[in-house]
Amino acid sequence: MSEEEDEIILSELDDEELVQQMFDDLYDGLKEEIEEGVTILLDRGWAPYDILTKALVGGMTIVGADFRDGILFVPEVLLAANAMKGGMAILKPLLAETGAPRMGTMVIGTVKGDIHDIGKNLVSMMMEGAGFEVVDLGINNPVENYLAALEEHKPDILGMSALLTTTMPYMKVVIDTMIEQGLRDDYIVLVGGAPLNEEFGKAIGADAYCRDAAVAVETAKDFVSRKHNSLSA
Ligand code: B1M
(Lines give C-alpha, C1' and ligand atoms only; values in the text may rest on other atoms or scores of the structure.)
Protein backbone atom coordinates (compact mmCIF):
# COMPACT_ATOMS: atom_id res chain seq x y z
CA MET A 1 0.00 0.00 0.00
CA SER A 2 1.34 3.48 -0.77
CA GLU A 3 1.96 6.02 2.01
CA GLU A 4 -0.92 8.14 0.73
CA GLU A 5 -3.40 5.30 1.07
CA ASP A 6 -2.22 4.77 4.67
CA GLU A 7 -2.86 8.35 5.66
CA ILE A 8 -5.61 8.86 8.23
CA ILE A 9 -8.00 11.72 7.47
CA LEU A 10 -8.97 12.97 10.92
CA SER A 11 -12.13 14.70 9.73
CA GLU A 12 -13.45 11.38 8.37
CA LEU A 13 -13.31 9.66 11.77
CA ASP A 14 -16.33 9.60 14.06
CA ASP A 15 -15.97 11.25 17.47
CA GLU A 16 -14.89 8.12 19.31
CA GLU A 17 -12.35 7.13 16.65
CA LEU A 18 -11.03 10.67 16.53
CA VAL A 19 -10.46 10.79 20.30
CA GLN A 20 -8.66 7.42 20.11
CA GLN A 21 -6.55 8.74 17.23
CA MET A 22 -5.77 11.88 19.28
CA PHE A 23 -4.54 9.64 22.11
CA ASP A 24 -2.15 8.03 19.59
CA ASP A 25 -1.11 11.38 18.11
CA LEU A 26 -0.44 12.83 21.57
CA TYR A 27 1.58 9.74 22.41
CA ASP A 28 3.60 10.29 19.22
CA GLY A 29 4.01 14.00 19.95
CA LEU A 30 2.25 15.12 16.75
CA LYS A 31 1.38 18.72 17.57
CA GLU A 32 -0.23 19.66 14.24
CA GLU A 33 -2.49 16.60 14.30
CA ILE A 34 -3.53 17.40 17.88
CA GLU A 35 -4.34 20.98 16.86
CA GLU A 36 -6.37 19.67 13.92
CA GLY A 37 -8.21 17.18 16.15
CA VAL A 38 -9.09 19.90 18.65
CA THR A 39 -10.38 22.14 15.85
CA ILE A 40 -12.51 19.33 14.39
CA LEU A 41 -14.07 18.53 17.78
CA LEU A 42 -14.82 22.24 18.32
CA ASP A 43 -16.47 22.40 14.88
CA ARG A 44 -18.55 19.38 15.87
CA GLY A 45 -19.88 21.29 18.86
CA TRP A 46 -17.78 19.73 21.62
CA ALA A 47 -17.42 21.94 24.70
CA PRO A 48 -13.82 23.15 25.15
CA TYR A 49 -13.73 21.66 28.66
CA ASP A 50 -14.72 18.22 27.32
CA ILE A 51 -12.01 18.33 24.66
CA LEU A 52 -9.49 19.28 27.33
CA THR A 53 -10.43 16.57 29.78
CA LYS A 54 -11.52 13.73 27.49
CA ALA A 55 -9.10 14.03 24.56
CA LEU A 56 -6.02 15.86 25.90
CA VAL A 57 -5.82 14.93 29.59
CA GLY A 58 -7.05 11.43 28.68
CA GLY A 59 -4.16 11.07 26.22
CA MET A 60 -1.65 12.45 28.68
CA THR A 61 -2.70 9.86 31.25
CA ILE A 62 -1.59 7.11 28.85
CA VAL A 63 1.72 8.91 28.26
CA GLY A 64 2.16 9.20 32.05
CA ALA A 65 1.62 5.49 32.62
CA ASP A 66 4.15 4.49 29.95
CA PHE A 67 6.65 7.07 31.24
CA ARG A 68 6.32 5.52 34.71
CA ASP A 69 6.80 2.04 33.30
CA GLY A 70 9.94 2.98 31.37
CA ILE A 71 8.33 2.54 27.94
CA LEU A 72 8.58 6.25 27.12
CA PHE A 73 11.52 8.52 27.99
CA VAL A 74 11.94 12.25 28.64
CA PRO A 75 12.41 13.35 24.97
CA GLU A 76 9.22 11.54 23.90
CA VAL A 77 7.27 12.90 26.86
CA LEU A 78 8.50 16.41 26.03
CA LEU A 79 7.12 16.01 22.50
CA ALA A 80 3.80 14.78 23.90
CA ALA A 81 3.72 17.76 26.29
CA ASN A 82 4.42 20.09 23.38
CA ALA A 83 1.56 18.57 21.37
CA MET A 84 -0.74 18.91 24.38
CA LYS A 85 0.23 22.57 24.74
CA GLY A 86 -0.64 23.14 21.06
CA GLY A 87 -4.15 21.86 21.73
CA MET A 88 -4.44 23.81 24.98
CA ALA A 89 -3.46 27.04 23.22
CA ILE A 90 -6.52 26.72 20.94
CA LEU A 91 -8.80 26.06 23.90
CA LYS A 92 -7.41 28.74 26.21
CA PRO A 93 -9.28 31.78 24.81
CA LEU A 94 -12.49 29.73 24.61
CA LEU A 95 -12.25 28.63 28.23
CA ALA A 96 -11.50 32.20 29.30
CA GLU A 97 -14.43 33.61 27.29
CA THR A 98 -17.21 32.68 29.65
CA GLY A 99 -18.10 36.27 30.53
CA ALA A 100 -17.98 35.26 34.18
CA PRO A 101 -17.97 38.14 36.67
CA ARG A 102 -14.58 39.05 38.20
CA MET A 103 -14.00 36.72 41.11
CA GLY A 104 -10.58 37.75 42.42
CA THR A 105 -6.90 37.30 41.70
CA MET A 106 -4.63 34.27 41.98
CA VAL A 107 -0.86 34.09 41.82
CA ILE A 108 0.24 30.60 40.81
CA GLY A 109 3.55 28.90 40.09
CA THR A 110 5.31 25.54 40.08
CA VAL A 111 7.72 25.23 43.01
CA LYS A 112 11.51 25.33 42.99
CA GLY A 113 13.20 22.32 41.39
CA ASP A 114 10.13 21.38 39.39
CA ILE A 115 9.61 22.14 35.70
CA HIS A 116 6.21 20.46 35.16
CA ASP A 117 3.72 23.07 34.02
CA ILE A 118 0.91 21.42 32.07
CA GLY A 119 -1.34 20.93 35.10
CA LYS A 120 -0.60 24.41 36.40
CA ASN A 121 -1.39 25.90 32.98
CA LEU A 122 -4.66 24.00 32.94
CA VAL A 123 -5.57 25.34 36.37
CA SER A 124 -4.71 28.88 35.19
CA MET A 125 -6.89 28.50 32.11
CA MET A 126 -9.85 27.20 34.07
CA MET A 127 -9.49 29.88 36.73
CA GLU A 128 -9.43 32.58 34.05
CA GLY A 129 -12.51 31.00 32.51
CA ALA A 130 -14.23 31.21 35.87
CA GLY A 131 -13.50 34.93 36.14
CA PHE A 132 -10.26 35.03 38.13
CA GLU A 133 -7.34 37.16 37.13
CA VAL A 134 -4.31 34.88 37.09
CA VAL A 135 -0.69 35.88 37.51
CA ASP A 136 1.35 32.90 36.35
CA LEU A 137 4.91 32.77 37.71
CA GLY A 138 5.86 29.79 35.55
CA ILE A 139 8.10 26.97 36.77
CA ASN A 140 10.94 26.45 39.25
CA ASN A 141 9.96 29.20 41.67
CA PRO A 142 11.97 29.86 44.82
CA VAL A 143 10.12 31.34 47.80
CA GLU A 144 11.37 34.83 46.89
CA ASN A 145 9.37 34.76 43.63
CA TYR A 146 6.14 33.96 45.44
CA LEU A 147 6.72 36.66 48.08
CA ALA A 148 7.56 39.30 45.46
CA ALA A 149 4.40 38.42 43.49
CA LEU A 150 2.22 38.58 46.62
CA GLU A 151 3.66 41.99 47.40
CA GLU A 152 3.18 43.25 43.85
CA HIS A 153 -0.23 41.81 42.96
CA LYS A 154 -1.94 41.50 46.36
CA PRO A 155 -3.94 38.46 45.19
CA ASP A 156 -6.71 36.70 47.08
CA ILE A 157 -5.12 33.31 46.41
CA LEU A 158 -1.67 31.82 46.24
CA GLY A 159 -1.61 28.61 44.21
CA MET A 160 1.35 26.22 44.13
CA SER A 161 1.91 23.21 41.91
CA ALA A 162 4.36 20.31 42.35
CA LEU A 163 4.57 17.06 40.39
CA LEU A 164 7.51 15.40 42.11
CA THR A 165 7.68 13.80 45.53
CA THR A 166 11.06 15.54 45.87
CA THR A 167 9.66 19.03 45.21
CA MET A 168 6.31 18.91 47.02
CA PRO A 169 7.93 19.56 50.45
CA TYR A 170 9.04 22.95 49.10
CA MET A 171 5.44 24.12 49.42
CA LYS A 172 5.93 23.98 53.19
CA VAL A 173 9.04 26.16 52.87
CA VAL A 174 6.90 28.80 51.16
CA ILE A 175 4.08 28.57 53.71
CA ASP A 176 6.50 28.60 56.68
CA THR A 177 8.18 31.69 55.28
CA MET A 178 4.78 33.37 54.92
CA ILE A 179 4.09 32.53 58.58
CA GLU A 180 7.49 33.92 59.66
CA GLN A 181 6.77 37.14 57.83
CA GLY A 182 3.26 37.44 59.28
CA LEU A 183 1.67 37.10 55.81
CA ARG A 184 0.06 33.69 55.96
CA ASP A 185 -3.40 34.80 57.05
CA ASP A 186 -3.63 37.45 54.32
CA TYR A 187 -3.96 34.83 51.58
CA ILE A 188 -5.88 31.72 50.66
CA VAL A 189 -3.26 29.07 49.91
CA LEU A 190 -4.29 26.29 47.50
CA VAL A 191 -1.96 23.48 46.45
CA GLY A 192 -2.14 20.79 43.79
CA GLY A 193 -0.21 18.26 41.76
CA ALA A 194 -0.40 14.52 41.12
CA PRO A 195 1.65 13.27 44.13
CA LEU A 196 -0.21 15.42 46.71
CA ASN A 197 -3.27 14.54 48.73
CA GLU A 198 -5.56 16.17 51.22
CA GLU A 199 -3.55 14.99 54.20
CA PHE A 200 -0.39 16.53 52.79
CA GLY A 201 -2.20 19.80 52.15
CA LYS A 202 -3.32 19.92 55.77
CA ALA A 203 0.09 18.89 57.13
CA ILE A 204 1.91 21.76 55.37
CA GLY A 205 -0.68 24.35 56.43
CA ALA A 206 -2.38 25.01 53.08
CA ASP A 207 -6.06 25.98 53.08
CA ALA A 208 -6.90 23.21 50.64
CA TYR A 209 -5.52 20.57 48.30
CA CYS A 210 -7.13 20.61 44.85
CA ARG A 211 -7.29 17.28 43.02
CA ASP A 212 -7.77 18.81 39.59
CA ALA A 213 -8.44 22.08 37.79
CA ALA A 214 -12.21 21.88 38.21
CA VAL A 215 -11.83 21.32 41.96
CA ALA A 216 -9.36 24.22 42.08
CA VAL A 217 -12.00 26.52 40.56
CA GLU A 218 -14.75 25.38 42.93
CA THR A 219 -12.45 25.60 45.96
CA ALA A 220 -11.21 29.05 44.96
CA LYS A 221 -14.77 30.35 44.48
CA ASP A 222 -15.82 28.92 47.82
CA PHE A 223 -12.90 30.43 49.76
CA VAL A 224 -13.13 33.81 48.04
CA SER A 225 -16.85 34.14 48.71
CA ARG A 226 -16.29 33.15 52.35
CA LYS A 227 -13.52 35.77 52.60
CA HIS A 228 -15.76 38.47 51.10
CA ASN A 229 -18.65 37.50 53.39
CA SER A 230 -16.46 37.67 56.49
CA LEU A 231 -15.11 41.08 55.42
CA SER A 232 -18.61 42.48 54.86
CA ALA A 233 -20.01 41.02 58.12
CO1 B1M B 1 7.74 14.16 34.70
N2 B1M B 1 7.33 12.93 36.19
N3 B1M B 1 9.63 14.11 35.20
N4 B1M B 1 8.01 15.11 33.05
N5 B1M B 1 5.96 13.69 34.22
C6 B1M B 1 5.93 12.64 36.42
C7 B1M B 1 5.33 13.65 37.39
C8 B1M B 1 6.02 11.17 37.03
C9 B1M B 1 4.84 10.82 37.96
C10 B1M B 1 6.16 10.17 35.88
C11 B1M B 1 6.19 8.75 36.33
O12 B1M B 1 7.21 8.27 36.78
N13 B1M B 1 5.07 8.11 36.23
C14 B1M B 1 7.41 11.21 37.77
C15 B1M B 1 7.36 11.68 39.23
C16 B1M B 1 7.59 10.56 40.21
C17 B1M B 1 7.56 11.05 41.59
O18 B1M B 1 8.05 12.07 41.96
N19 B1M B 1 6.92 10.27 42.41
C20 B1M B 1 8.18 12.18 36.88
C21 B1M B 1 9.58 12.26 36.83
C22 B1M B 1 10.33 11.23 37.65
C23 B1M B 1 10.27 13.23 36.07
C24 B1M B 1 11.78 13.44 35.97
C25 B1M B 1 12.56 13.36 37.29
C26 B1M B 1 12.29 12.43 34.92
C27 B1M B 1 13.78 12.42 34.70
O28 B1M B 1 14.38 13.41 34.37
N29 B1M B 1 14.32 11.27 34.93
C30 B1M B 1 11.87 14.86 35.35
C31 B1M B 1 11.88 15.95 36.44
C32 B1M B 1 12.12 17.33 35.89
C33 B1M B 1 11.91 18.40 36.95
O34 B1M B 1 10.80 18.84 37.15
N35 B1M B 1 12.97 18.79 37.64
C36 B1M B 1 10.58 14.91 34.60
C37 B1M B 1 10.40 15.63 33.41
C38 B1M B 1 9.23 15.67 32.68
C39 B1M B 1 9.11 16.33 31.32
C40 B1M B 1 9.92 17.62 31.20
C41 B1M B 1 9.56 15.35 30.27
C42 B1M B 1 7.54 16.50 31.19
C43 B1M B 1 7.04 17.88 31.68
C44 B1M B 1 6.69 18.81 30.56
C45 B1M B 1 5.92 20.00 31.07
O46 B1M B 1 5.20 19.99 32.05
N47 B1M B 1 6.07 21.09 30.34
C48 B1M B 1 7.05 15.45 32.15
C49 B1M B 1 5.71 14.97 32.16
C50 B1M B 1 4.81 15.45 31.03
C51 B1M B 1 5.24 14.07 33.15
C52 B1M B 1 3.90 13.30 33.20
C53 B1M B 1 4.00 12.18 32.16
C54 B1M B 1 2.64 14.07 32.93
C55 B1M B 1 2.41 15.29 33.83
C56 B1M B 1 1.25 16.06 33.28
O57 B1M B 1 1.43 17.02 32.58
N58 B1M B 1 0.02 15.56 33.53
C59 B1M B 1 3.90 12.78 34.70
C60 B1M B 1 3.12 11.49 34.89
C61 B1M B 1 1.77 11.73 35.53
O62 B1M B 1 1.52 12.70 36.20
N63 B1M B 1 0.92 10.77 35.36
C64 B1M B 1 5.31 12.91 35.10
C65 B1M B 1 -1.21 16.12 32.99
C66 B1M B 1 -1.71 17.24 33.91
C67 B1M B 1 -3.00 17.79 33.33
O68 B1M B 1 -1.96 16.68 35.19
O69 B1M B 1 0.03 17.84 36.24
O70 B1M B 1 -1.37 16.19 37.58
P71 B1M B 1 -1.29 17.23 36.54
O72 B1M B 1 -2.23 18.44 36.96
C73 B1M B 1 -3.57 18.28 37.39
C74 B1M B 1 -3.71 18.09 38.91
O75 B1M B 1 -2.58 17.50 39.52
C76 B1M B 1 -4.05 19.45 39.43
O77 B1M B 1 -4.82 20.00 38.38
C78 B1M B 1 -4.23 19.63 37.12
C79 B1M B 1 -5.29 19.63 36.07
O80 B1M B 1 -6.38 18.83 36.34
N81 B1M B 1 -3.00 20.43 39.74
C82 B1M B 1 -3.28 21.52 40.51
C83 B1M B 1 -1.72 20.52 39.33
N84 B1M B 1 -1.14 21.61 39.82
C85 B1M B 1 -2.07 22.27 40.54
C86 B1M B 1 -1.99 23.46 41.26
C87 B1M B 1 -3.11 23.91 41.92
C88 B1M B 1 -4.31 23.15 41.88
C89 B1M B 1 -4.40 21.95 41.18
O90 B1M B 1 -3.00 25.06 42.60
C91 B1M B 1 -4.11 25.66 43.11
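The values are calculated or read from the model by the stated rules, or taken from the named source; none is laboratory data. Small disclaimer: the values here were computed from a predicted structure and weren't measured. Please note: Cβ atoms are built from the backbone with ideal geometry, for glycine as well, and neighbour counts cover all protein chains shown.
Residues of segment 114-125 that are within 6 Å of the ligand (Cβ to nearest atom) and in contact (Cβ under 8 Å) with a residue 40 or more places away in the chain: Asp114, His116, Asp117, Ile118, Gly119, Lys120, Leu122, Val123. Hey, any hits in segment 131-139 for a residue that's over 18 Å from the mean Cα position of the chain (by Cα) and not assigned by TED's automatic domain parsing to the domain that holds Val74? No, there is no match, as no residue in segment 131-139 is over 18 Å from the mean Cα position of the chain (by Cα) and not assigned by TED's automatic domain parsing to the domain that holds Val74. Here the strands (runs of 3 or more DSSP E) wholly within segment 142-233 that include at least 3 residues being among the hydrophobic types (A, V, I, L, M, F, W, C) are 157-161, 188-192. Figure legend. Inter-residue proximity from segment 64-86: first residues closer than 13 Å to Asp24 by Cα and near the ligand (Cβ under 8 Å from one of its atoms), second residues at pLDDT 90 or above and in a loop (DSSP other than H, G, I, E, B), beta-carbon distance below 6 Å, spacing 6+ or different chains. Indicated pairs: Ala80/Gly29. Ile188 falls short on exactly one of the conditions (1) among the β-branched types (Val, Ile, Thr); (2) within 26 Å of Gly64 (Cβ to Cβ); (3) buried (at least 19 other Cβ atoms within 10 Å of the Cβ), and that condition is (2). Of the candidates Thr165, Thr105, Thr110, the single residue that is of a type in the set (Val, Ile, Thr), modelled with pLDDT of 95 or more and touching a Lys or Arg at 6+ places or on another chain (Cβ under 7 Å) is Thr110. Each residue in segment 79-105 was checked for being exposed (fewer than 11 other Cβ atoms within 10 Å of the Cβ) and out of contact with any Gly (no Cβ under 7 Å at 6 or more places or on another chain), and 1 pass.
Just checking, does segment 132-153 include any residue being free of Cβ contacts under 8 Å to residues at least 24 places away in the same chain, hydroxyl-bearing (Ser, Thr, Tyr) and crowded, with 20+ Cβ neighbours inside 10 Å? No: segment 132-153 contains no residue that is free of Cβ contacts under 8 Å to residues at least 24 places away in the same chain, hydroxyl-bearing (Ser, Thr, Tyr) and crowded, with 20+ Cβ neighbours inside 10 Å. Filter segment 76-127 for residues that are hydroxyl-bearing (Ser, Thr, Tyr) and not in a helix (DSSP H, G or I) and give the result. The answer is Thr98, Thr105, Thr110. Please specify each residue of segment 169-185 satisfying the condition of being loosely packed, with under 14 Cβ neighbours inside 10 Å, under 24 Å from Ser225 (Cα atoms) and charged (D, E, K, R). Hit for segment 169-185 is Asp185, nothing else.
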